[in-house]
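Here the structure is laid out as structure tokens; the discussion comes afterwards.
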Amino acid sequence: MDFLFLFLCYLALMPIGVVMICICSKTRSLKGLVWGGAQLFSCIIPECLQRAIQRLLHYFLHTRNHAFIILHLILQGMVYTEYTWEIFGYCRELEFSLYYLLLPYLLLFVNLCFFALTYVTNPGTVTKANELLLLQVYEFDEVMFLKNTRCPTCDLRKPARSKHCSVCNRCVHRFDHHCVWVNNCIGAWNTGYFLIYLSTLTAAAASVTAVSAAFLVQLAILSDLYLETYIDDLGHPQVVDITFLVQYLFLTFPRIVFMLGFVLILSFLLGGYLCFALYLAITNRTTNEWYRGDQAQCQHYLRPAGPLSPKHRVCRNIYSHGVWGNLGEIFLPAAHYEKNK
Ligand SMILES: [Zn+2]
Ligand SMILES: [Zn+2]
């Protein structure tokens, strides 16, 4: 029952996770995949149910709510409960180093601190009071960000690199994206917190993966399982191979193996996203700019550097000030504004 219940939970959660990643992703091919799936479902599901699903998706993805924060904390709580309840105790018996076992807790603590900071920090809301100051921070490229543009909703002049967030209903300075997992926009004043939050979340998932995998490997080595033989369906003795070993561990420690599968996939997904976020940070581009300027970089967002023929133009990002300058702008936004005054 235990095994079956966990297996069904897994089967239910994995497709939901994949669909959520596709929806939250800005990649057109993934959006196309979701759109194709939605078209297929629209032929099968009755119209009243479709409307209910649409309303539900609109509520979860296009209004400010705490659903994803609760889901985030529940998943984190489940992983750490399993880690504490089973893995930590078993690893202590196998005499794993305490520093090694406590590392996931340290990362969890730092992660929760930066999660809270990302959530509570004003991302850079443009108001009547700071409108003039923020208008001077970045140069208008006159391609993606035009001078003297007003936000029709806020009725304020839009500073370069700002964008109106339809979920929060406000214009945000150096708008990156709206993150449902922290229920806040990621903008000029909390991108640094967000990057540390994302890094520690990835590191926490990777450290739980490493400890769990090390425990299972150590167990297999100590019990000499790989030296044993078993009788197959035809009654022939067989040497234990990796497939048998995985099946054996799966049936003996179902919760640990399920959790390991979950944190392993999570580590890869978060690691991939972290690399993308760091790439944007060191090149001083926001997700919004990457999304809008990705189609034809030279013609739009990036200016040609130097009077070369169009064929040989080298494009450069007008907001980039070198790796350290770009990181300083993200992690010390106040110092950046002081310098630009
Ligand atoms: Zn606005
Ligand atoms: Zn927002």
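Per-residue Karplus couplings for the stretch 57-62, computed as 6.51 cos²θ - 1.76 cosθ + 1.60 with θ equal to phi - 60°, are listed in order as 5, 4, 4, 6, 9, 10 Hz, Gly and Pro entered as x.
Neighbours of residue 222 by Cβ distance under 14 Å: Lys/Arg scored +1, Asp/Glu scored -1, total -4. Relative contact order for the stretch 165-284: 24 percent, from Cα pairs under 8 Å spaced at least 6 residues apart, divided by residue count.
Computed over protein heavy atoms with a 1.4 angstrom probe, the accessible surface ordering of 239, 257, 143, 110, largest first, is 239, 143, 110, 257. Sorted largest first by accessible area at a 1.4 angstrom probe radius, with every protein chain in place, the residues 153, 125, 252 fall in the order 153, 252, 125. Residues 224, 155, ordered by accessible area of protein heavy atoms at a 1.4 angstrom probe radius and largest first, appear as 155, 224.
Within 12 Å, Cβ to Cβ, of residue 277, how many net charges do the neighbouring residues add up to if Lys/Arg are +1 and Asp/Glu are -1? Taking every other residue near residue 277 into account, the sum is 0. Only protein heavy atoms count here; on that basis, with a 1.4 Å probe, residue 228 has an accessible area of about 90 Å².
The values are calculated or read from the model by the stated rules, or taken from the named source; none is laboratory data. As the structure is a prediction and not an experimental result, all values here were calculated from the model. All Cβ positions, even for glycine, are placed from backbone atoms using ideal geometry, and neighbour counts span all protein chains on display. Surface accessibility is based on the protein's heavy atoms, side chains included, excluding ligands, DNA and RNA. Shrake-Rupley method; radii C 1.70, N 1.55, O 1.52, S 1.80 Å.
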